[in-house]
Amino acid sequence: QKEVEQNSGPLSVPEGAIASLNCTYSDRGSQSFFWYRQYSGKSPELIMFIYSNGDKEDGRFTAQLNKASQYVSLLIRDSQPSDSATYLCAVNELNSGYSTLTFGKGTMLLVSP
Amino acid sequence: DTAVSQTPKYLVTQMGNDKSIKCEQNLGHDTMYWYKQDSKKFLKIMFSYNNKELIINETVPNRFSPKSPDKAHLNLHINSLELGDSAVYFCASTKTPGAGYEQFFGPGTRLTVL
């Protein structure tokens, strides 16, 4: 069973700080990695995706991928109270010849004003 | 608006009943999915259809029967509902089933079985 592991949190950070969210995955063949944000009572929405080792930046968000360590992270700079949500790590894997997303259980982020 | 839509948003029913959830996407995507999110917020894939053809069935009880009349619609019918079926069910779609394409999620259907 392929697994995606995340610390459930909550991760509490003050407004303006950097929030660091981590994820590990079990399948070395995984090709692409996604971070979704889910507000309470809402559906997941894509924040970032990353395919290659290293860093990928988009505004206040930076995704980091280390395939050798099977580790992917999301950094949120200048955290805002509106960033308070559950962040889901998802890994793209092959299933019956088609790609599917396997999600971690999510990390709850709380940003205090 | 281009989106993935689901009906109903809320569904409350008694054990043993049969119910359906409908999903439609107007994004022109080929692949659609059903996910179940339990009370612990764990989002787990149930089914995937590509161009109306079932491609993934993740060990879901056969009380759950998806139906795709066309590639824009994927409905979920559940027979003999059980307490453990209570969850939020999300429909999603993607451009292709290949690696790397974003999945767009519907607003979810909160099913409560009493």
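Annotations for the structure displayed:
- Restricting the range A:17-33 to residues that are within 13 Å of chain B (Cβ to nearest Cβ) and outside any strand (DSSP E or B), the residue that is most open to solvent (accessible area, probe 1.4 Å) is A:31.
- Evaluated against (1) acidic (Asp, Glu); (2) within 14 Å of chain B (Cβ to nearest Cβ); (3) in contact (Cβ under 8 Å) with a residue 12 or more places away in the chain; (4) more than 22 Å from residue B:35 (Cα to Cα), residue A:78 falls short on exactly one condition, (2).
To keep it simple, each residue is scored yes or no on (1) in a loop (DSSP other than H, G, I, E, B); (2) touching a Pro at 6+ places or on another chain (Cβ under 8 Å); (3) at pLDDT below 95; (4) under 15 Å from residue B:19 (Cβ atoms).
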| position | (1), (2), (3), (4) |
| --- | --- |
| B:54 | no, yes, yes, no |
| B:66 | no, no, yes, yes |
| B:69 | no, no, yes, no |
| B:75 | no, yes, no, yes |
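Residues checked against (1) more than 9 Å from every other protein chain (Cβ to nearest Cβ); (2) in contact (Cβ under 8 Å) with a residue 24 or more places away in the chain; (3) open to solvent by 40 Å² or more (accessible area, probe 1.4 Å):
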{"position": "B:7", "(1), (2), (3)": "yes, yes, yes"}
{"position": "B:14", "(1), (2), (3)": "yes, yes, yes"}
{"position": "B:49", "(1), (2), (3)": "yes, yes, no"}
{"position": "B:53", "(1), (2), (3)": "yes, no, yes"}
{"position": "B:56", "(1), (2), (3)": "no, no, no"}
{"position": "B:59", "(1), (2), (3)": "yes, no, yes"}
{"position": "B:77", "(1), (2), (3)": "yes, yes, yes"}
{"position": "B:82", "(1), (2), (3)": "yes, yes, yes"}
{"position": "B:108", "(1), (2), (3)": "no, yes, no"}
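- Checking each residue in the range B:62-75 for being exposed (fewer than 14 other Cβ atoms within 10 Å of the Cβ) and in contact with a helix residue (DSSP H, G or I) (Cβ under 9 Å, 6 or more places away or on another chain) picks out only B:63.
- Among the residues making up the range A:34-48, a single one is in contact (Cβ under 8 Å) with a residue 12 or more places away in the chain, within 7 Å of another protein chain (Cβ to nearest Cβ) and either open to solvent by 50 Å² or more (accessible area, probe 1.4 Å) or over 11 Å from the mean Cα position of the chain (by Cα) (or both): A:44.
- Residues of the range A:72-99 classified as at pLDDT below 95 and open to solvent by 30 Å² or more (accessible area, probe 1.4 Å), total: 5
The values are calculated or read from the model by the stated rules, or taken from the named source; none is laboratory data. Source: prediction; values computed, not measured. We place every Cβ from the backbone using ideal geometry, glycine too, and count neighbours over all the protein chains shown. These area figures cover heavy atoms from the full protein model, side chains too; ligands, DNA and RNA do not enter into them. Shrake-Rupley method; radii C 1.70, N 1.55, O 1.52, S 1.80 Å.
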